[in-house]
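Accompanying notes for the structure given below.
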Amino acid sequence: MSQPGWTEPGMGNQIACPPPVPPSAKARHAGQLRVKDSEGCHTMPAHPRHGHVSYEYLPMPQVGDQMVVDMCTSYFDAEAPAYDDLDSSVERRRDYLGAIDGYVVRRLSALGQCRSVLSFGSGTGRREQRITTMMSDHGPTIVGVERSPNMAAISARRGIQTISSLEAAGSPEANSMDAVLCLYSFIHLPSPASRRGTLSKLVDALRPGGLLILDVFNLHDTSEWTSKLADGGRGNRPDLVGERRGDVLYRRTDRTANLSYMHYFTIGEISSLLEDTGLVITDLIGVGHGAEPGRIGVPLDKGCLLLACTKPQHQASVNASLGQTTG
Ligand SMILES: C[S@@+](CC[C@H](N)C(=O)[O-])C[C@H]1O[C@@H](n2cnc3c(N)ncnc32)[C@H](O)[C@@H]1O
């Protein structure tokens, strides 16, 4: 009987890797990775490849948020010099990011007023530069939030200025931003508490009536490797890659030994998170990533999740959306 295959997370390629089996010399020779966690040794697909890029996935250790944040910063510092090259070496990624940028341009252009935008996890700033260019004369000023000094330095050379955190000097004032973007970045926040905390600061910076757009990887995207994590009953074990379902630790095998972290969301998880901050979700869209890359409007179990939300104009609306009564 044939076993379900795994495809690589974040890349969703067509390569079917073997599912976990008890470790054995044969399995290791078949290209599997032997990993050890608190419950012993397991095997996972080793070195899934996409174009010229290959990754391997490891069990998520139980470490504090700060350690995960620092780990991601080191990872992106090392990735920075060649980060933009991924657009040309990983075609489906370029198509996916390009489609999202097009959507962002359409939504920002339709805002009555869009002069200032905050972009969380803005990386090298190439997408922010592209978005402002595509909006031509109406392009807003985009300020990035970027923890990796090497990413931030590349961004600054492009003319996209960044701050290192939402607490740093120069952070936006409350209710000052017309829009907030989290493009391919929210997934790196290490825990439910850190996601809630960051989101509430981002919403605070957004003006009433302003727009927040974010995209996240989807735990139930059947074209992604991690959809197997959603259902332990299919013979794969969530604890292989993390205590919390959807957590993944990964590293590139071809260039750097640094580790990074990302989280795959369920629709309920990301929706509640956004609504709990008082945002009103206006769009929940599937965008092809592993399959049909860049197609906007794929079924919600066939792509990443793109969400747009507005900050209500009045506190009464916030309270109403939170189900609270005013006294
Ligand atoms: C996958 S990259 C995406 C970069 C860019 N948005 C893009 O799409 O090309 C994620 C970025 O988020 C940044 N990042 C991750 N966690 C962060 C945090 N807590 N604060 C600020 N930046 C963060 C990383 O340093 C990295 O540059």
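The values are calculated or read from the model by the stated rules, or taken from the named source; none is laboratory data. This is a predicted model, so every value here is computed, not measured. Heads up, the Cβs are rebuilt from the backbone with ideal geometry, glycines too, and the neighbour counts pull from every protein chain shown.
Quick check on this structure: which one of 297, 278, 233 is surrounded by fewer than 17 Cβ atoms within 10 Å (Cβ to Cβ) and either assigned to a loop (DSSP other than H, G, I, E, B) or at pLDDT below 80 (or both)? From the options 297, 278, 233, the qualifying one is 233.
Return yes when residue 37 is charged (D, E, K, R), out of contact with any Cys (no Cβ under 7 Å at 6 or more places or on another chain), at pLDDT below 95 and within 13 Å of the ligand (Cβ to nearest atom) and no when it is not. The answer is no for residue 37.
Only a single item in (1) touching a Lys or Arg at 6+ places or on another chain (Cβ under 7 Å); (2) buried (at least 18 other Cβ atoms within 10 Å of the Cβ) is not met by residue 258, and it is number (2).
Confirm whether residue 96 is modelled with pLDDT of 95 or more, within 12 Å of the ligand (Cβ to nearest atom) and aromatic (Phe, Trp, Tyr). Yes, satisfied. A single member of 126, 157, 130 is in contact with a Lys or Arg (Cβ under 8 Å, 6 or more places away or on another chain) and assigned by TED's automatic domain parsing to the domain that holds residue 211, and it is 126.
Residues checked against (1) hydrophobic (A, V, I, L, M, F, W, C); (2) touching a residue at least 40 places away in the same chain (Cβ under 8 Å); (3) more than 14 Å from residue 188 (Cα to Cα):
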residue	(1), (2), (3)
76	yes, yes, no
81	no, yes, yes
87	no, no, yes
118	yes, yes, yes
124	no, yes, yes
141	no, no, yes
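Of all residues in the range 118-133, exactly one satisfies the criterion of being away from the ligand (no atom under 13 Å from the Cβ) and in contact with a Ser or Thr (Cβ under 9 Å, 6 or more places away or on another chain), namely 132.
Residue 177: more than 9 Å from the ligand (Cβ to nearest atom), crowded, with 17+ Cβ neighbours inside 10 Å and farther than 20 Å from residue 216 by Cβ, yes or no?
It is true that residue 177 is more than 9 Å from the ligand (Cβ to nearest atom), crowded, with 17+ Cβ neighbours inside 10 Å and farther than 20 Å from residue 216 by Cβ.
What do you reckon, is residue 77 under 19 Å from the mean Cα position of the chain (by Cα), among the acidic types (Asp, Glu), outside the structural domain of residue 313 (by TED's automatic domain parsing) and at pLDDT 95 or above? So residue 77 passes the test. Return the only residue of 165, 148, 155 being under 15 Å from residue 77 (Cα atoms), within 12 Å of the ligand (Cβ to nearest atom), without any contact (Cβ under 8 Å) to a residue 60 or more places away in the chain and not aliphatic (A, V, I, L, M). Selected residue: 155, the only one of 165, 148, 155 that is under 15 Å from residue 77 (Cα atoms), within 12 Å of the ligand (Cβ to nearest atom), without any contact (Cβ under 8 Å) to a residue 60 or more places away in the chain and not aliphatic (A, V, I, L, M). Inside the range 194-228, residues that are away from the ligand (no atom under 11 Å from the Cβ) and either more than 16 Å from the chain's Cα centre (by Cα) or not in a helix (DSSP H, G or I) (or both) make up a count of 21.
Only one of the numbered conditions (1) touching a Gly at 6+ places or on another chain (Cβ under 9 Å); (2) closer than 27 Å to residue 293 by Cα; (3) of a type outside the set (Gly, Ala, Ser) is violated by residue 211, and that is (1).
Being among the aliphatic types (A, V, I, L, M) and assigned by TED's automatic domain parsing to the domain that holds residue 196 is a property that residue 169 has.
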